[in-house]
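Chemist: Quick one: the structure is below, and I'll ask about it shortly.
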């Protein structure tokens, strides 16, 4: 039981760390009206929120649970494998969602004429 909790908590901790790593736009602000930039950034972030997050995270979680269960079967504990795989897969889906949202925001700023550096 102790091993199960440890494996699950380790997977959850790594997953939460990865979720916090989403990339914010880095813009060259030379000769940029910062008031207008802040307005455009807010609008672009609003547009990026339209990325469908539920489907991405759910599909990654299901895939991770399946893979985790397979590895758990090899190691002798399907439940732990499925649980940790589901957490890791779900976190991977959330990370993918954050990456996609960041890319939408960056593209939006580029289309508005900003020099996005990342």
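The values are calculated or read from the model by the stated rules, or taken from the named source; none is laboratory data. Being a predicted model, the structure only gives us computed values, none of them experimental. Cβ sites come from the backbone with ideal geometry, for glycine too, and all protein chains shown count toward neighbours.
Chemist: Take region 24-48 and flag every residue that is assigned to a helix (DSSP H, G or I), touching a residue at least 40 places away in the same chain (Cβ under 8 Å) and over 10 Å from residue 108 (Cα atoms). Spell out how you get there, then give the answer.
Modeler: Narrowing region 24-48 to residues assigned to a helix (DSSP H, G or I): 34-48.
Cutting the leftovers down to touching a residue at least 40 places away in the same chain (Cβ under 8 Å) gives us 37, 40-41, 43-45, 47-48.
Residue satisfying the conditions is 37 alone.
Chemist: Could you tell me whether region 101-109 includes any residue that is in contact with a strand residue (DSSP E or B) (Cβ under 7 Å, 6 or more places away or on another chain), modelled with pLDDT of 90 or more and not in a loop (DSSP other than H, G, I, E, B)?
Modeler: Checked against the condition, which is being in contact with a strand residue (DSSP E or B) (Cβ under 7 Å, 6 or more places away or on another chain), modelled with pLDDT of 90 or more and not in a loop (DSSP other than H, G, I, E, B), region 101-109 yields at least one hit.
Chemist: So, residue 67, is that one modelled with pLDDT of 95 or more and part of a helix (DSSP H, G or I) or not?
Modeler: So residue 67 fails the test.
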